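Below you'll find the structure, written out as structure tokens, and then a few comments.
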Amino acid sequence: MRIRPASFNDLSEFARIYDAAKAYMRASGNPNQWATAYPNPETLKKDIAARQLYAMEENEKVHGVFALIPGPEPSYAVIDGAWPNDLPYVTIHRIASDGRIHGVFAACADFAKARYRAVRIDTHADNKTMQHLADKNGFVRCGIVQLKRGGARIAYQWTKEE
């Protein structure tokens with residue numbers, strides 16, 4: 001799988017991928033996460049302009065998308081639980097797959113882990129798939145955070161061992 005910076009030309013493919021991801025979430029018992037127009041094109045355009053949105057390709061076809069956002073995540077400032085450390089970190093946001101290939105989360109996590117000592121991610125309590133993938137890929141459940149746009153999320157962190 002190849003991971004590359006996203007471009008504005010990818011937006012229609014990302015819309016297709018997010019539609020597929022939302023359908024999967026609804027079908028697997030997670031009807032509330034991304035139930036609105038989130039992630040919206042404006043957010044994705046900002047991510048592209050900031051060079052923090054990535055496309056995941058196999059055989060020159062886009063099958064996945066994720067944002068990798070360095071720096072403090074405002075929603076993570078308060079946690080019901082505890083972060084394992086206060087290392088600078090990057091956050092994985094808006095990860096989605098069209099479901100046509102396997103290993104999208106693992107490839108995203110490996111990409112982030114190769115570049116940062118600490119990686120964080122959060123997910124909805126109903127998103128059992130994402131919880132399983134976070135656990136499977138070495139992330140540790142740290143507690144519950146409240147998103148700035150509303151809603152509680154389970155927060156995870158992976159830290160490179162020294």
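The values are calculated or read from the model by the stated rules, or taken from the named source; none is laboratory data. Since we're looking at a predicted model, the values are computed, not measured. All Cβ positions, glycine included, derive from the backbone under ideal geometry; neighbour counts span all protein chains shown.
Quick notes
- Qualifying residue in the range 41-49 (condition: closer than 24 Å to Tyr156 by Cα, under 15 Å from the mean Cα position of the chain (by Cα) and surrounded by fewer than 19 Cβ atoms within 10 Å (Cβ to Cβ)): yes
- Some residue of the range 77-92 being surrounded by fewer than 15 Cβ atoms within 10 Å (Cβ to Cβ), in contact with a Ser or Thr (Cβ under 7 Å, 6 or more places away or on another chain) and not hydrophobic (A, V, I, L, M, F, W, C): yes
- Pick from the range 60-115, criterion β-branched (Val, Ile, Thr) and in a strand (DSSP E or B), ranking: farthest from the chain's Cα centre (by Cα): Ile79
- Asn30 meets all of the listed conditions (1) closer than 23 Å to Ala6 by Cβ; (2) outside any helix (DSSP H, G or I) but one, namely (1).
- Being among the aromatic types (Phe, Trp, Tyr), crowded, with 17+ Cβ neighbours inside 10 Å and assigned to a helix (DSSP H, G or I) is a property that does not hold for Tyr24.
- Within the range 48-70, residues that are among the β-branched types (Val, Ile, Thr) have Cβ atoms under 8 Å from residues that are exposed (fewer than 14 other Cβ atoms within 10 Å of the Cβ) and assigned to a loop (DSSP other than H, G, I, E, B) in these pairs: Ile48/Ser7, counting only partners at least 6 apart in sequence or on another chain.
- Which listed residue, of Glu57, Glu162, is out of contact with any helix residue (DSSP H, G or I) (no Cβ under 8 Å at 6 or more places or on another chain), in a strand (DSSP E or B) and either at pLDDT below 95 or under 24 Å from Ala23 (Cα atoms) (or both): Glu57
- Of all the criteria given as (1) of a type in the set (Lys, Arg); (2) within 12 Å of the chain's Cα centre (by Cα); (3) part of a loop (DSSP other than H, G, I, E, B), the one not satisfied by Lys148 is (2).
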